[in-house]
Amino acid sequence: MKEKLLDLLACPNCGGDLLLVHVGAREEKEIIEGLLSCRKCDREYKIVRGVPRFADLDKIEQDKAETAENFGWQWTHFTQADAKYNEQFLGWLQPVKPEFFWDKLVLEGGCGKGRHTSLAAEWGAKEVVGVDLSAAVESAFQATKHLPNAHVVQADIFKLPFKKVFDYAFSVGVLHHTPDPQKAFVSLAGKVKKGGAISAWIYGAENNEWITSYVNPVREKFTSKIGQPTLYQLSKLPTLGVYLASKLIYKPLNRTSKPLAGKLFYNDYLNHLGTFGWREQHNIVFDHLVAPTAFYISREDFENWWREIGASDVQIIWHNRNSWCGFGKIEK
């Protein structure tokens, strides 16, 4: 943890300021082991392996703990980089561009292995804080500790340990895996100051009926319950089908015959997947099968999220015909 992160932190219990009361080990500018204490309620929070810890997975709700465990395993094993990540990230953040990050205090709700935290930092954010509930913070810290403006925190998105000071918050592919996606969104928006902005990318209900009818029951009853190493191996079989279809059918047809390609099942998304190699496609398939909780949200319900936070200049974009990108400004 870099000491300047203290300026952004607040006790998740009472909102009080946090003090650094003990440093056990340092590594250049990073505090590797230490202790934070709330000036107001005296609660203490450990810094462990460079990450401030505001969540005890042994004491949180079962569904949150299971989700954190499954995704934590994923992001400590799928640690690869891909040249397409920049383009993919911007697709999820539409209409935001890299220059939007410049000199802003940025909060990421659900940072996984830290790939988007790194991009935000590299695109000129004044400071960017990635928060995650899972053990993925271990990978995220290792991926970002060399960046002077990047920070990683372990916390529950429903009990964020921050002051209301951020210029911009975003969450990509995380809110729909929480027990209450709208409440998680409102919690994240609550840390953005007046005049700031927020982005969210979520699974859409529209055009995903086949997933909710056929894939979800298998995920809920079987794939999310088995051990992650076993699922890692089993998920290679559906990945093979997706990989061959995207590479041998969808990509070629979209290059040579757009009208014909447009008639293919799930064309926009599978054509998009065809731009990635095996490792990333395996990661995506595994991601869809590992989650204990996953919601598919309609445009109407998504619009209600933005009305609840009183956002202005809201833009909602249909992405790959299977998900929603949202952007809006905070007015209160």
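Using DSSP to define loop residues, name the chymotrypsin sites (Phe, Trp or Tyr not before Pro) in the stretch 1-104 whose beta-carbon has at most 13 other beta-carbon atoms within 10 Å.
Values: sites: Tyr45, Phe54, Phe71, Trp73, Trp75, Phe78, Tyr85, Phe89, Trp92, Phe100, Phe101, Trp102; in loops: Phe54, Phe78, Trp102.
Passing sites in the stretch 1-104 are Trp102.
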Which of the lysines could be linked to Lys236 by a straight reach, that is with a Cα gap under 30 Å, when you skip same-chain ones fewer than 8 residues away?
-> Lys64, Lys84, Lys113, Lys221, Lys225, Lys247, Lys251, Lys258, Lys263
So in the chain, what percent of DSSP beta bridges are antiparallel if you round to the nearest 5?
-> 60
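Calculated FRET efficiency, Asp301 and Phe222, Cβ-Cβ r, R0 30 Å, to nearest 0.05? Write down the numbers at each step before the final one.
Working: r = 27 Å, r/R0 = 0.91.
The value I calculate is 0.65.
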Provide the three semi-axes, in whole Å and in decreasing order, of the ellipsoid equivalent to the stretch 1-53 as defined by the square roots of 5 times the Cα gyration tensor eigenvalues.
-> 19, 10, 8
For Ala197, other-chain or 5+-apart residues with amide H closer than 5 Å (H placed, Pro excluded) are Tyr168, Ala169, Ile330
The answer for Glu127, listing residues at least 5 apart or on another chain whose modeled amide H is closer than 5 Å to its amide H, is Lys104, Leu105, Val106
Quote to one decimal, in nm, the extra length available between Val186 and Lys97 on full extension: 0.36 nm per residue of separation minus the C-alpha distance between them.
-> 29.7 nm
Neighbourhood net charge (15 Å Cβ-Cβ; Lys/Arg +1, Asp/Glu -1) for Val186 | 0
To the nearest Å, what is the center-to-center distance of the stretch 181-257 and the stretch 135-155, using C-alpha atoms only?
-> 24
Provide the FRET efficiency to the nearest 0.05 for the Val215-Arg255 pair, computing r from the beta carbons and using R0 = 25 Å.
-> 0.35
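Multiply the residue gap between Glu206 and Asp56 by 0.36 nm, knock off their C-alpha separation, and tell me the result in nm, one decimal place.
Working it through step by step, the gained length comes to 50.4 nm.
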At what distance in nm do the modelled label points of Lys159 and Arg49 sit from each other, each positioned 7 Å from its Cα along Cα→Cβ?
-> 2.2
Once phi is turned into ³J(HN,Hα) by the Karplus curve 6.51 cos²θ - 1.76 cosθ + 1.60 with θ = phi - 60°, what whole-Hz value does each residue of the stretch 292-305 show in order, with x for glycine and proline?
-> x, 10, 8, 10, 10, 10, 6, 4, 4, 5, 5, 4, 5, 4
Along Cα→Cβ, 7 Å out, is where each label goes; now give me the distance between the ones at Cys14 and Ile317 in nm to one decimal.
-> 4.4
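Bear in mind these aren't lab numbers, they're just calculated from the coordinates by the rules spelled out. Values in this document were obtained by computation on a predicted structure and should not be read as measured data. Neighbour counts are summed over all protein chains in view; Cβ atoms, including those assigned to glycine, are modelled from backbone coordinates with ideal geometry.
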